[in-house]
Amino acid sequence: QVQLVESGGGLVQPGGSLRVSCTASIFTFSSSYMAWVRQAPGRGLEWVSRISPGGTTIRYADSVTGRFTISRDSAKNMVYLQMNSLKPEDTAVYYCNTDPPRRLWSSVYWGQGTQVTVSS
């Protein structure tokens, strides 16, 4: 049974940092791409970043490039997103998953997500 548990969110001031984590109880984790997707208030889901199974191929959305860093620990079945220089527009619920294609976003299970709020 697939389980995705996001954690580590919270309230942070603009310019601050936060690291969110995802525990993925997936048999094929070590061979799966993993991604972070977020949903800002009143907005649709937005792809943020993805990382290849071996952790060597990484991509970021233009909006977070240079500020966010994705990583994974296959031994622990975990993926992380280090967020630096946070902006109010980064405020969103952050979700992780196995990088499903956008056409399937409405069909996949995202877990409960973790809330990140960037505010003074």
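Of Ile58, Ile70, which has the most accessible area with a 1.4 Å probe, and how do the rest follow in descending order? All intermediate terms of the calculation are to be shown ahead of the outcome.
Details: Ile58 50, Ile70 5 Å².
Sorted descending by solvent-accessible area, the residues read Ile58, Ile70.
Counting only heavy atoms of the protein chains and using a 1.4 Å probe, Val118 has close to 10 Å² of accessible surface. In segment 1-100, the portion of solvent-accessible area held by carbon and sulfur atoms comes to 49 percent [1.4 Å probe, whole percent, DNA, RNA and ligands not counted]. For the chain, modelled as a GNM whose springs connect Cα atoms under 10 angstrom apart, the maximal fluctuation among Ser106, Ser21, Ser63 occurs at Ser106. Peptides 80-90, 23-33 ranked from most to least packed give 80-90, 23-33, packing being the mean of other C-beta atoms within 10 angstrom over each peptide's residues.
The mean accessible area for residues of the chain, using a 1.4 Å probe and ignoring ligands and nucleic acids, is 53 Å² per residue. What the phi angles of segment 35-41 give under the Karplus curve with 6.51, -1.76 and 1.60, with θ = phi - 60°, is a coupling list of 9, 10, 10, 10, 9, 7, x Hz, glycine and proline written as x. Rounded to the nearest 20, the Cβ-based charge dipole of the chain about its Cα centre (Lys and Arg +1, Asp and Glu -1) stands at 120 debye. Take the Kirkwood radius over Cα pairs of segment 1-109, plug it into Stokes-Einstein at 25 °C and 0.890 mPa s, and you get 174 µm²/s for translational diffusion.
The values are calculated or read from the model by the stated rules, or taken from the named source; none is laboratory data. The shown structure was predicted, so the numbers you read here are calculated from the model rather than taken from an experiment. Note that we place each Cβ from the backbone using ideal geometry, even for glycine, and neighbour counts take in every protein chain shown. Quick note on the areas: whole protein, heavy atoms, side chains included, nothing else; ligands and nucleic acids left out. Shrake-Rupley method; radii C 1.70, N 1.55, O 1.52, S 1.80 Å.
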